[in-house]
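First the structure, in the form of structure tokens, and then the observations on it.
No value in this document is a laboratory result; all are computed from the given coordinates. This structure is a prediction, so every number in the text was calculated from the model and none was measured. Ideal geometry is used to build each Cβ from the backbone, glycine not excepted, and the neighbour counts take in all protein chains shown.
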Amino acid sequence: MEVLVQKDCLGGERKIEVRLPRAVELPDLDRVEGCEQRTVLHSLPRPFFRLDVPGSFSLSGIIGEPRVRFTVRLAVRERAVELALAACERMMEPDP
Amino acid sequence: MSTARVSTYFDHAATSVPRWPTAIEAAVEAASQVTPGRGMHGMQQVAMAVVERARADVHALCPTGTVCFMSGATHALNQAILGWRPAPRRIALGPMVHNAVRRPALACGSLLWTLPATAQGRVDLERTAGEWPEDVDLVVISHGSNVTGILQPVAALVDLARARGAEVIVDAAQTAGYVVPLDLGDVALVAFSAHKGVAGLPGAGALVVREGVRLEPLIRGGVGHDSSAADVPDEPPARYESGTPNLPGIAAFGAAARACQDGWDFRAASAALVSAVEAAGFAPLSGALPVVSIDPGMAPDVAEDLLDRVFDVVTRSGLHCSPSAHETLGTESSGTLRLSIGRSTTPADLETLTRALIGLREVSSHPGAD
């Protein structure tokens, strides 16, 4: 997985962009732990999704594309890459 | 992580692309030339002629003094503010200043005062006159806001400040190349970059120094002449141009400055941008310049991401390096989504923007869609 860390303009959160080994599919989103809000917008020209894991991060991307973006919350920003990669590994796990 | 997708660009307030072809050509030609002003041979004379022609062309954009080449507007503003002597007792700051003004002003250690302003961030001249502290020595103001495009009444403010014994420094990063020429009254110093409205290359900028204004140079070194003296020359531009000049950047700056004498109507462009945004149902914070901010109805960084990935539309979220402006507007907690256009923006680009913003609006209206 290819990782790009960007500092947030507001001075708090961290933006982590990850290029996954394959395109995101809808079932991958089910494996993100702690997700309390999930939005998938199929009506847009590209199906945009956003997941929110309270107190940890939000995750957005396009179904069918491999690039996802994490916005890691201020309180856990020191573990931003670790949290993002752990979530990506779970997403990429094969179905049991 | 690069993308092969072709995007429609609405971030000209950050940097203008595409740049003038004549500027690119001038930079390429200058890249093969020698260092100007070093030696007396013919090759350096050719290079020096490039610099002096560029100086004249940039002066035509801003005829308030001697053009001194810098690495950009930030360098020029640091030179202006940190080099001001004697150190100001109090600096009056515009209500919409960029960090390129705010941070060196804070670093000065001087007392600060923010000029009274309207809710939209325009300086309130009447209140400014009434509340003016007697110890203000220096005013630093951004001519145009990089957040909302609002223009400040600089000439009137200069009259007010000069009548009270203060001098004025103007950050013209957002107006140089759009407001042509920069007719700013009796300003002490004007700073701007080559790569925004002027659409030259990054890495070049100008500090325009009024006759009689003398700063402490930020850097000292060789200037190609008067080498036996202990210090750099007293007079601009050499006083502020120590070191090897960025000849390609300066050549491009001059070519771009010439191209900016095309009579482009930035106010009409601003009106077209506002119309495109309003057609999508948003109420932009706007001014005379073609840059506006909106509340996208969701976190601005999510909106930026969505517009980029779903609609191939490039915008800019956040504080835009101008926390002071966002404090003035009351948007400091989350920032805004900024949309800015330039000379190369077409009506078709604006239609693309409207369609994308309509899509964004639909998303913000139905956040739980699945």
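Table for the structure above
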item	result
Local net charge near B:Thr74, Cβ-Cβ under 11 Å (Lys/Arg +1, Asp/Glu -1)	0
Potential extension, B:Ser7-B:Ala163 segment - 0.36 nm per residue separation minus Cα distance	51.2 nm
Table column - 3J(HN,Hα) (Hz), region B:155-163, Karplus curve with 6.51, -1.76, 1.60, x for Gly and Pro	4, 5, 5, 4, 4, 5, 5, 4, 5
Nonlocal amide H pairs with B:Gly200, under 5 Å, H built at 1.01 Å	B:His195
Shielding by partners, peptide A:36-45 (average Cβ within 10 angstrom, other chains)	5
Integer Hz, Karplus 6.51/-1.76/1.60 couplings in order for region B:130-135, x for Gly and Pro	x, 9, 4, x, 5, 9
From phi via Karplus (6.51, -1.76, 1.60), per-residue ³J(HN,Hα) for region B:190-201 in Hz, x at Gly/Pro	10, 10, 7, 9, 8, 9, 8, x, 6, 6, x, 9
Relative contact order of region A:2-91, pairs being alpha-carbon contacts under 8 Å that are 6 or more residues apart, as %	32 percent
Positive minus negative residues near B:Arg214 (Lys, Arg vs Asp, Glu; Cβ under 13 Å)	-3
Debye intensity ratio in log₁₀ form over the Cα atoms of chain B, taken at each q of 0.06, 0.09 Å⁻¹	-0.24, -0.53
Gain on full stretching of the segment that runs from B:Glu332 to B:Gln261 - 0.36 nm per residue minus C-alpha separation	21.9 nm
Spatial extent of region A:2-91: Rg and Dmax, with the Cα atoms as the point set, Å	12.3, 36
Structure-based [θ]222 nm, chain B - -39500 (n - 2.57) summed over DSSP H runs of at least 4, per residue, nearest 500	-11000 deg cm²/dmol
Under-5 Å amide H pairs with B:Val313, H placed in peptide plane, nonlocal only	B:Thr8, B:Asp308
Antiparallel DSSP beta bridges within the protein assembly as shown, percent to nearest 5	70 percent
Rounded FRET efficiency, nearest 0.05, which uses the C-beta distance separating A:Glu78 from B:Glu351 and R0 of 51 Å	0.70
Estimated inter-spin distance, A:Val3 and B:Glu126, nm [label 7 Å along Cα→Cβ]	5.8 nm
Inter-label distance, nm, simple model (7 Å from Cα along the C-beta direction), B:Ile358/B:Glu278	1.8 nm
Structure-based [θ]222 nm, chain A - -39500 (n - 2.57) summed over DSSP H runs of at least 4, per residue, nearest 500	-5000 deg cm²/dmol
Exercise: per-residue mean of other protein chain Cβ atoms within 10 Å, A:52-62	1
Efficiency of FRET from Cβ geometry, A:Arg19 and B:Arg214, R₀ 60 Å, rounded to 0.05	0.65
Tensor-based shape of region B:175-281 (alpha-carbon gyration tensor, a/c under 1.5 rounded, otherwise prolate or oblate)	prolate
